[in-house]
Structure formats: C-alpha cells, structure tokens
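**Student:** Got a structure here, written out as structure tokens. Questions coming.
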Amino acid sequence: MRALIGGLSLLLVGGTVLAGGYKIPEQSLRSTATSGAYFSSANAPDSAYFNPANMSFMKGGWGVEVGLRYILLPSIKFSGQAYDPAGGSFSPSFSDSSERESFLVPYFHYVSPSVGNLRFGLSFTTPAGLSKKWEDSLAQAYAKTFLLEVYETSLSASYRISGILSVGGGLRAVYARGEVEYAHPGGAYSVTMDGDTKIKPGYYLSVSLKPTRELTLSTLYRSKVDLDIDGDASGYLVLPGPTPYPFSTSGKVKVPLPAEWRLGASYNLGSTTLEFTYERTFWSDYKRLDFNFGDATVEGSFGAPKPKNWKDTNTYRLGIQHSFSDKLTAMAGVAYDETPVPEKTLGFELPDSDGWILSLGGIYKPDPKVELGVAYLFFTKKDRSVNNQQIRGKFSNLSAHMLTISAGYRF
C-alpha cells in the first residue's frame, strides 16, 4: 500500500491559476486592471494592502473601497498516461478534462484620515486559493476534488518622514480552510478530508520615495505564513483480507503561503501614469508535503513525506493609467509570470506553467467623492508536457478569467 502515498499527499497544492502556484495577487480593481502592476503608484484605499507607505501621500480624509471578483476557470485538458497507484504500472493512454469552475470572491480596503504624520489602513483580502476537479479516468485517483480558501485581515500604518519619503507596514491575520476528495476508479481506496487553521500571524513592510514630483520608487516585503491545517480524514482502503478497511481519523499538514518581495517604479506624465513592478515569490520554502495521521494504518499507507522542491519565481508587470477627464480613467496591463513547479513534481492537482496576463479596466466618478469601476483580466499559460513518476503526457488549455467590479467613497 505504500504505492498509494502519491494520492493523499496532494492536498492543498493546486491553484486557481491566477498566478504561478496558488497565489492570488489581484486584490483590488486597479490591481486587476493593470495585471498586478499597481504598486508604487497606489493612491487609493487599496494602498493599505498593496503599499501602506503610500497612504501618507494620499489626499483628503478617509476612503473606502469594496469589490467583488468573478473568477472563471475553464476546463484543463490532459492527454497521455498516468501511474496507477494501486496497479503499480502506467495506464493505457487516455484523454480527460477538469471541470469548469467559477467563484465569487469579495474584498475590502479602508484608509483613515491623517493623524499628524501617521495614517492607518484596514483590508480584507483572499491572498491565495485553489480549486481543481477531475471526475473521470485515473486523474481522480490523485485529485478528484480540491478546495483551499485563504482569508486575510490586515491592519496597516504609514509614517511620513518628509515630503518625499514615507514608510509603512502592517500586521496580517490569516485563516485557511481546505477540502479534498479522491478515489481510485477501480475501488482500491476512497478518501475525503477537510480541515482548517487557527489564525496565523504575519507582517509586511514598505518604503516609498518620491525624488521628483513625477517619479515614485517603492519596495515591499510580505512575510511567509505557514498554514498549519488540522482536520479529519475518512474513507476506506482495500487491504489483504475479506473486507475493505474503513477509517475515520485525524490528520494535519503544513503548507506555506510564501514570502514575497516587490520593487516598483511609476512615472506620471500629466494625465498618464506608467508603472513597472518586479515581483519575487519565495516558493523554495515549499520543499515537501508531509501528512500526519492519527490512524497507524492510514499513516503507514499515506503518510510518507512527498518531495515538492518548488523554486523561487519572478513576475514582471507593466501597467498604464490614463485620465480622460476628472470623471473617467482607463487602465491596462500586461505581465509575464513564472511557474514554481518543476516537471519532476508536476501533477493533476496543479498542472501549472509559465504564462502571460492581459488586462484592462476603467473607473467612472459620477461625483468627486464616489467612484465605480470594472476590470477584466485574462491569464493564459503555455501548454506543458510532462514525464515523471506519475504522469507521461501533455496539459493544455491552461487559462483563467477574472472580472472585478468595485465601488469607492472618499471624504
């Protein structure tokens, strides 16, 4: 039964494919509309999350933004062979598609009025997540249903050192829950799991410098948060004997929400702002996946650590904003995003690859204090061939769509 290790050890490693791995960088309208380039130019309530140092440079009193994102994940196609963990050999060639999925995900940002050189912010975001479903073929032996939801509340502050320099930072409170189901199509095993974390702490720090009126330079570091997920597992295993072995036991696993470093520059040309953001995500902290179960038989069958050995990645983002008038602003962006997943550990739970992000959006202000926005983002990833101990084949049609709507108010 050691051959079954690969099945259970895939929990919580799939992605919504809105970024390499399972990160979701787009946590506001402006971020969606500029392919995540929005950072050094942040001048709205969402700066509380993206660049708290910039809160010091905002005009006016307090501001708030609420938004809703519609995420659509088209079916991913696979053609090739898969290793049968019960049979101990590769299957005949087959073709399969994951299920088409969609989600509605909210967010919230708030910035307070200035208190001397200080300013405060509050955000509610979903910085990571996953969902992947394979209902047919041997793919369901590894990833029949996966779901990970990550929620974050962050409290931030900024301090204006001078007219051109500001620093900021925030404290993070992260909560995650996950569900997974997989079953061997021949009936060798069936497993259903769910669990969640306690509130996990983290932090982020940023600095913004405005050497000229037109130019802003910014940097930000966001800490790693270990998601220690505790829960329950139930199902059955077919062992030597007259009947299957049913189980209901505890289980736990640790998955990292990786650290990130950003470096950005924006330049204002009157009505137009150009922005470039470089993003480094430290996925190399994800070295292995190790489940621990309360039932000794389940632990012996599924509990061996599984190497992941992900690599750090780079993302390059370019955005533009143009104000046609005091009431109408248009935005667009493009980005190139690397995958952290090496071919050796690529699986059905996360058929990831390098990809391009394209986006556009707009903001309409019916009143100087009110803004309404809409943005669309398309993420397309390269087809990826794989030949490892689990899969011999090719994944295609790797893509995602995001539509964001928002409303904001400032005093």
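The values are calculated or read from the model by the stated rules, or taken from the named source; none is laboratory data. It should be emphasised that the depicted structure is a prediction, and the values quoted were computed from it without experimental measurement. Counting neighbours? That spans all protein chains shown, and the Cβs are built from the backbone with ideal geometry, glycine included.
**Student:** Given the criterion within 20 Å of the chain's Cα centre (by Cα) and not hydroxyl-bearing (Ser, Thr, Tyr), identify the matching residue among Val341, Val298.
**Tutor:** Among Val341, Val298, only Val341 is within 20 Å of the chain's Cα centre (by Cα) and not hydroxyl-bearing (Ser, Thr, Tyr).
**Student:** Does the range 345-359 include one or more residues that are farther than 30 Å from Leu289 by Cα, hydroxyl-bearing (Ser, Thr, Tyr) and in contact with a Ser or Thr (Cβ under 9 Å, 6 or more places away or on another chain)?
**Tutor:** yes
**Student:** As an exercise: evaluate Arg177 against (1) surrounded by 15 or more Cβ atoms within 10 Å (Cβ to Cβ); (2) in contact with a Phe, Trp or Tyr (Cβ under 8 Å, 6 or more places away or on another chain); (3) of a type outside the set (A, V, I, L, M); (4) over 16 Å from Gly235 (Cβ atoms) and give the number of the one condition it does not meet.
**Tutor:** It fails just one condition, (2).
**Student:** In the range 271-289, what residues are more than 21 Å from Asp226 (Cβ to Cβ), in a strand (DSSP E or B) and over 18 Å from the mean Cα position of the chain (by Cα)?
**Tutor:** Those that are more than 21 Å from Asp226 (Cβ to Cβ), in a strand (DSSP E or B) and over 18 Å from the mean Cα position of the chain (by Cα): Thr272, Thr273, Leu274, Glu275, Phe276.
**Student:** Within the group Ser190, Ser156, which residue is out of contact with any Cys (no Cβ under 7 Å at 6 or more places or on another chain), of a type in the set (Gly, Ala, Ser), in a strand (DSSP E or B) and farther than 30 Å from Tyr110 by Cα?
**Tutor:** Answer to the selection: Ser190.
**Student:** Could you list, in sequence order, all residues of the range 65-74 that are buried (at least 16 other Cβ atoms within 10 Å of the Cβ) and either within 16 Å of Phe120 (Cβ to Cβ) or not aliphatic (A, V, I, L, M) (or both)?
**Tutor:** Those that are buried (at least 16 other Cβ atoms within 10 Å of the Cβ) and either within 16 Å of Phe120 (Cβ to Cβ) or not aliphatic (A, V, I, L, M) (or both): Glu65, Gly67, Arg69, Pro74.
**Student:** Continuing with the same structure: Select, from Ser154, Ser190, Ser162, the only residue that is under 27 Å from Trp62 (Cβ atoms), in contact (Cβ under 8 Å) with a residue 24 or more places away in the chain and of a type in the set (S, T, N, Q).
**Tutor:** The unique qualifying residue is Ser154.
**Student:** Give just the number: which of (1) modelled with pLDDT of 95 or more; (2) closer than 20 Å to Glu299 by Cα; (3) polar (S, T, N, Q) does Thr153 not satisfy?
**Tutor:** For Thr153, the exception is condition (2).
**Student:** Filter the range 182-192 down to the residues that are surrounded by fewer than 22 Cβ atoms within 10 Å (Cβ to Cβ) and in contact with a Leu (Cβ under 8 Å, 6 or more places away or on another chain) and list them by number.
**Tutor:** The answer is Pro185, Ala188.
**Student:** In the range 75-85, which residue that is outside any strand (DSSP E or B) and surrounded by 18 or more Cβ atoms within 10 Å (Cβ to Cβ) is farthest from the chain's Cα centre (by Cα)?
**Tutor:** Pro85
**Student:** Could you please find all residues in the range 324-348 being touching a strand residue (DSSP E or B) at 6+ places or on another chain (Cβ under 6 Å), surrounded by 15 or more Cβ atoms within 10 Å (Cβ to Cβ) and not aliphatic (A, V, I, L, M)?
**Tutor:** Hits for the range 324-348 are Thr329, Gly333, Asp337, Glu338, Pro340.
**Student:** Name every residue in the range 253-284 that is of a type outside the set (S, T, N, Q), surrounded by fewer than 15 Cβ atoms within 10 Å (Cβ to Cβ) and on the phi < 0 side of the Ramachandran plot, in order of residue number.
**Tutor:** Once the filter is applied, which keeps residues that are of a type outside the set (S, T, N, Q), surrounded by fewer than 15 Cβ atoms within 10 Å (Cβ to Cβ) and on the phi < 0 side of the Ramachandran plot, the range 253-284 yields Trp261, Leu269.
**Student:** When you go through Asn314, Asn309, Asn268 one by one, which is the residue that is in a strand (DSSP E or B) and out of contact with any strand residue (DSSP E or B) (no Cβ under 7 Å at 6 or more places or on another chain)?
**Tutor:** Being in a strand (DSSP E or B) and out of contact with any strand residue (DSSP E or B) (no Cβ under 7 Å at 6 or more places or on another chain) holds for just one of Asn314, Asn309, Asn268, which is Asn268.
**Student:** OK, next. Could you run through the range 204-241 and say how many residues are under 20 Å from Tyr278 (Cα atoms) and of a type in the set (Phe, Trp, Tyr)?
**Tutor:** 2
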